[in-house]
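Here is the structure we will look at.
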Amino acid sequence: MATPITDAREAQATLRDLFSRYGAGRPGAQPGEAGSGRAVFFGGAGVSTASGIPDFRSVDGLYHQRFDYPPETMLSHEFYVEHPAEFFRFYREKMIAPDARPNRCHQKLAELEAAGLLGAVVTQNIDGLHQAAGSQRVFELHGSTHRNVCQRCGAVYPASWVLEQGRWAAEQGGDGVPVCEKCGGRVKPDVVLYGENLDERTLMGAVAAIAAADLLVVGGTSLVVYPAAGLIRSFQGEKLVIVNRDPTPQDSSADVLISCDIAQAFDF
Ligand SMILES: [Zn+2]
């Protein structure tokens, strides 16, 4: 197994070198064929912790806070249907992060894409911070809090609208469940809840990008949660890099292991 790099400066130099060597793809490779996929970044909750967004699965995260149910229960499709008011209270307070800003990792990934050294970002996060940093090609496996969709007419509302509905309900005594302004239909976050399938087009796009890449950098994920582990298996390129503070079950298959803060590792 590769020896983990723990020094931030060494991590930065290693990543810079890998992106410049593999990021541009092989000369002459046509779009879609092997060697044209450049580098792909696959990220999890750890990418956003430096932006102040806690991982709801971590013990220090949302568990011991002021809700009657564990996060996994409140983020299920069943709970959304049966307890919409409680669902939206949790969603507004814990899932929407209006003040979060991209950190150095988001920014560097956007810079690498603009420089032609990164083909795509695949993320498990729903905070939209990659787009906020300027990334263009982002596969959001679990959706985004920035899109909230009327289940009847398809109207799309931003996160700020959902927050506004909550404030209005608090003042007027409503239940805080947002209702479409155009048709009165129920609005659901475009977020994949427990018990729901991933969006197939997003998943297939992510698989195709990873399968065509020469360099796959996996960061901020323990790689135990579906679909992360399976997606990594579709990678057939040259270098697999794992950037994570704690060991992951896939460490033995990585060519390069970086074990330090991910926002620091990408500060190059
Ligand atoms: Zn509607």
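Applying the selection to the range 105-120, what residues are buried (at least 19 other Cβ atoms within 10 Å of the Cβ) and not in a loop (DSSP other than H, G, I, E, B)? Spell out how you get there, then give the answer.
So the first thing to find is which residues in the range 105-120 are buried (at least 19 other Cβ atoms within 10 Å of the Cβ), and the list is 105-110, 112-113, 117-120.
CYS105, HIS106, GLN107, LYS108, LEU109, ALA110, LEU112, GLU113, ALA120, listed by residue number.
Consider only pairs whose beta carbons are under 6 Å apart and that are at least six residues apart or on different chains; among these, list those whose first residue lies in the range 194-207 and is more than 10 Å from PHE139 (Cα to Cα) and whose second residue is polar (S, T, N, Q) and not in a loop (DSSP other than H, G, I, E, B).
Here the result reads TYR194/SER76; GLY195/SER76, each pair linking the range 194-207 to a residue that is polar (S, T, N, Q) and not in a loop (DSSP other than H, G, I, E, B).
Of the residues ALA11, ALA50, which is hydrophobic (A, V, I, L, M, F, W, C), modelled with pLDDT of 95 or more, under 25 Å from ILE262 (Cα atoms) and out of contact with any Ser or Thr (no Cβ under 6 Å at 6 or more places or on another chain)?
Values: ALA50 fails: modelled with pLDDT of 95 or more.
Answer to the check: ALA11.
When only residues in the range 205-251 that are acidic (Asp, Glu) and touching a strand residue (DSSP E or B) at 6+ places or on another chain (Cβ under 9 Å) count, which is surrounded by the most Cβ atoms within 10 Å (Cβ to Cβ)?
Here is the first cut: in the range 205-251, the residues acidic (Asp, Glu) are 214, 238, 246, 251.
Adding the requirement that they be touching a strand residue (DSSP E or B) at 6+ places or on another chain (Cβ under 9 Å) leaves 214, 238, 251.
Details: ASP214: 25, GLU238: 15, ASP251: 16.
Once the filter is applied, the top-ranked residue is ASP214.
Does ARG137 count as surrounded by fewer than 20 Cβ atoms within 10 Å (Cβ to Cβ), more than 16 Å from the ligand (Cβ to nearest atom) and within 25 Å of GLY230 (Cβ to Cβ)? Please lay out each step first, then the result.
Values: surrounded by fewer than 20 Cβ atoms within 10 Å (Cβ to Cβ): yes; more than 16 Å from the ligand (Cβ to nearest atom): yes; within 25 Å of GLY230 (Cβ to Cβ): yes.
When the stated conditions are applied, ARG137 passes them.
Name, by its number, the condition in (1) farther than 25 Å from TYR226 by Cβ; (2) in a helix (DSSP H, G or I) that does not hold for LYS94.
For LYS94, the failing item is (1).
Restricting to the range 92-104, count the residues that are modelled with pLDDT under 95 and surrounded by 18 or more Cβ atoms within 10 Å (Cβ to Cβ).
Total satisfying the criteria: 5.
Across the range 220-253, what is the number of residues that are in a loop (DSSP other than H, G, I, E, B) and more than 18 Å from ASP7 (Cα to Cα)? Walk me through it before giving the result.
Here is the first cut: in the range 220-253, the ones in a loop (DSSP other than H, G, I, E, B) are 220-227, 234-238, 244-250.
Subset that is more than 18 Å from ASP7 (Cα to Cα): 221-227, 234-238, 248-250.
Number satisfying all stated conditions: 15.
When the residues of the range 174-204 are filtered to those that are among the hydrophobic types (A, V, I, L, M, F, W, C) and assigned to a loop (DSSP other than H, G, I, E, B), which remaining residue is surrounded by the fewest Cβ atoms within 10 Å (Cβ to Cβ)?
CYS183
With SER160, SER144 as the choices, which residue is under 23 Å from ALA229 (Cβ atoms) and either more than 9 Å from the chain's Cα centre (by Cα) or part of a strand (DSSP E or B) (or both)? Give the derivation first.
Values: SER160 fails: under 23 Å from ALA229 (Cβ atoms).
It is SER144.
Note down all Cβ pairs under 9 Å where the first residue falls in the range 171-185 and is within 17 Å of TYR91 (Cβ to Cβ), the second is among the polar types (S, T, N, Q) and more than 7 Å from the ligand (Cβ to nearest atom), and they're at least six residues apart or on different chains.
Close Cβ pairs satisfying both conditions: GLY174/GLN165; GLY176/GLN165; VAL177/GLN165; PRO178/ASN148; PRO178/GLN165; VAL179/GLN165; CYS180/GLN151.
Taking the range 149-163 as the region of interest, how many residues are crowded, with 17+ Cβ neighbours inside 10 Å and within 11 Å of the ligand (Cβ to nearest atom)?
Adding up the residues that qualify gives 3.
The values are calculated or read from the model by the stated rules, or taken from the named source; none is laboratory data. Keep in mind it's a predicted model, so treat the numbers as computed, not measured. For neighbour counting, all protein chains shown are included, and Cβ atoms are generated from backbone atoms with ideal geometry for every residue, glycine included.
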